[in-house]
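The values are calculated or read from the model by the stated rules, or taken from the named source; none is laboratory data. Keep in mind the model is a prediction, meaning the values are calculated, not measured. Don't worry about glycine lacking a Cβ; one is built from the backbone with ideal geometry, like all the others, and counts go over all protein chains shown.
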Amino acid sequence: MITTTGLTKVYQSRGGREVTALDGVDLHVREGEVFGVIGQSGAGKSSLIRCVNLLERPTSGAVTVAGEDLTALAGRGRRASRELREARSRIGMVFQHFNLLSSRTVKDNVELPLEILGVPGAQRSRKALELLDLVGLADKAKSYPGQLSGGQKQRVGIARALAGDPKVLLSDEATSALDPETTRSILQLLRDLNRQLGLTVLLITHEMDVVKTICDSAALMRKGKIIESGTVSELLATPGSELAHELFPVSGDASGADRTVIDVTFHGEAATQPVISQLSRTYNIDISILGAAMDTIGGRQIGRMRIELPGRYEENVVPVGFLREQGLQVDVIGTAVASVPAQNGPAPVEEVAK
Ligand SMILES: Nc1ncnc2c1ncn2[C@@H]1O[C@H](COP(=O)(O)OP(=O)(O)OP(=O)(O)O)[C@@H](O)[C@H]1O
Ligand SMILES: [Mg+2]
């Protein structure tokens, strides 16, 4: 639904210095999914989202939204610029600080994009009321933004973003100005809209919780590049994935030398208990649980457990194979033997251990 190819943005700052905010970003967001881009401040997240709807002209690379090459449209003459405007009206945008006009009522704020598109008054009015109802603010149509809470303002921002019946909604830190409770309700609203309207959502955030709560897929950005991306379950199944580790931290160190430490990931709580005891009985080994976590990620319950088996990895090839045969995902975190070279991050591993 959204594809960027080799997207690059270089800003010329005042002193003549060049800042590469995006450095060859290839992003692929599928239709109907909620895709989260996470990264630290300055990673290039806002630049990415502004380039996706051509609020910012990319230095090079291409952006395609709903099959339309926006970068090609932006590069051509007047006729194309009308087409670009139309294409952009099908992309909704939600901002961190809501960007509402304080002198206009809530309803008039929602009508604004329709006014710009030249939609007649009665139709605009009907649409705005319908959207306010959709975001749960039917009774605030005549209020002014100043009379609303942060969460309500963001609901108005979302209603306004939906005015042009977009297929795609872009959100730049839509919840970072809100408290945790309100954040949850706005994320829930985005999720509902995604499901009800089949809306594709690309959101950027620096909060892992946001990704955990609503994203089907995620990408990690650093210094203008995408370091990792995939569906949440693909990421969780990728040994050594930074995002998976952040989404799902389990910790615990080996209790001594000659131990094998593995992370077992499973879906649903019940599945693993019997498997672990079976493992213990079948191979007559003592298994210690070093750490465990259960969480709901993208609406699915997932668990991860870090366990320790006696002996080096070579001695545990068969038990590890047994766990994999049960359909569990097993990442070998390493053995406590000094022969495994020290590395940063949670997983030095599999290739070393294999
Ligand atoms: N208009 C601009 N002119 C010059 N440099 C810019 C401009 N906009 C952004 N940058 C620079 O580009 C880099 C990426 O900025 P960007 O706003 O995309 O990051 P971000 O990931 O959204 O950060 P944050 O989480 O703080 O919002 C930064 O180094 C920033 O200083
Ligand atoms: Mg930003």
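Values for this structure:
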read-out: Unique match (being over 30 Å from ARG195 (Cα atoms), in contact with a helix residue (DSSP H, G or I) (Cβ under 7 Å, 6 or more places away or on another chain) and modelled with pLDDT of 75 or more) among LEU309, LEU290; value: LEU309
read-out: Output for the stretch 29-69, where each listed residue is small (Gly, Ala, Ser) and within 16 Å of ligand 2 (Cβ to nearest atom); value: GLY36, GLY39, SER41, GLY42, ALA43, GLY44, SER46, SER47
read-out: Residue match in the stretch 85-101 (condition: over 24 Å from LEU203 (Cβ atoms) and not hydrophobic (A, V, I, L, M, F, W, C)); value: no
read-out: Condition broken by THR238, with the remaining ones in (1) surrounded by fewer than 21 Cβ atoms within 10 Å (Cβ to Cβ); (2) among the β-branched types (Val, Ile, Thr); (3) over 28 Å from CYS215 (Cα atoms); (4) at pLDDT below 85 satisfied; value: (3)
read-out: Positions within the stretch 12-41 being touching a residue at least 12 places away in the same chain (Cβ under 8 Å), within 9 Å of ligand 1 (Cβ to nearest atom) and either surrounded by fewer than 18 Cβ atoms within 10 Å (Cβ to Cβ) or more than 21 Å from ILE214 (Cα to Cα) (or both), in sequence order; value: THR20, ALA21, LEU22, GLN40, SER41
read-out: Any chance ALA218 is more than 25 Å from GLU83 (Cβ to Cβ), assigned to a loop (DSSP other than H, G, I, E, B) and within 16 Å of ligand 1 (Cβ to nearest atom); value: no
read-out: Long-range neighbours under 7 Å by Cβ, at least six apart or interchain, first residue closer than 13 Å to ILE2 by Cβ and in the same structural domain as HIS28 (by TED's automatic domain parsing) within the stretch 200-217, second more than 16 Å from ligand 2 (Cβ to nearest atom) and in a helix (DSSP H, G or I); value: VAL201/LEU190; VAL201/ASN194; SER217/VAL232
read-out: Residue that is in a helix (DSSP H, G or I) and in the same structural domain as GLY146 (by TED's automatic domain parsing), where the choices are THR64, THR71; value: THR71
read-out: Among (1) of a type in the set (A, V, I, L, M, F, W, C); (2) within 21 Å of PRO113 (Cα to Cα); (3) assigned to a helix (DSSP H, G or I) - the single one ILE186 does not satisfy; value: (2)
read-out: Residues within the stretch 12-25 that are over 22 Å from GLU207 (Cα atoms) and touching a Ser or Thr at 6+ places or on another chain (Cβ under 8 Å), tallied; value: 4
read-out: Top-ranked residue in the stretch 77-92 [being surrounded by fewer than 19 Cβ atoms within 10 Å (Cβ to Cβ) and of a type in the set (Gly, Ala, Ser); ranked as modelled with the highest pLDDT]; value: SER89
read-out: Count - residues of the stretch 204-235 that are under 17 Å from GLY32 (Cα atoms) and among the β-branched types (Val, Ile, Thr); value: 6
read-out: Every residue from the stretch 164-189 that is surrounded by fewer than 24 Cβ atoms within 10 Å (Cβ to Cβ), of a type outside the set (S, T, N, Q) and in contact (Cβ under 8 Å) with a residue 40 or more places away in the chain; value: GLY164, ASP165, PRO166, LYS167, VAL168, LEU169, ASP172, GLU173, ALA177, LEU189
read-out: ARG85 being within 16 Å of ligand 2 (Cβ to nearest atom), assigned to a helix (DSSP H, G or I), of a type in the set (D, E, K, R) and under 27 Å from LEU197 (Cα atoms); value: no
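Residue-by-condition table, conditions (1) closer than 18 Å to ALA177 by Cα; (2) in contact with a strand residue (DSSP E or B) (Cβ under 8 Å, 6 or more places away or on another chain); (3) surrounded by fewer than 20 Cβ atoms within 10 Å (Cβ to Cβ):
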position: LEU101; (1), (2), (3): yes, no, yes
position: THR105; (1), (2), (3): no, no, yes
position: LEU112; (1), (2), (3): no, no, yes
position: VAL135; (1), (2), (3): no, no, no
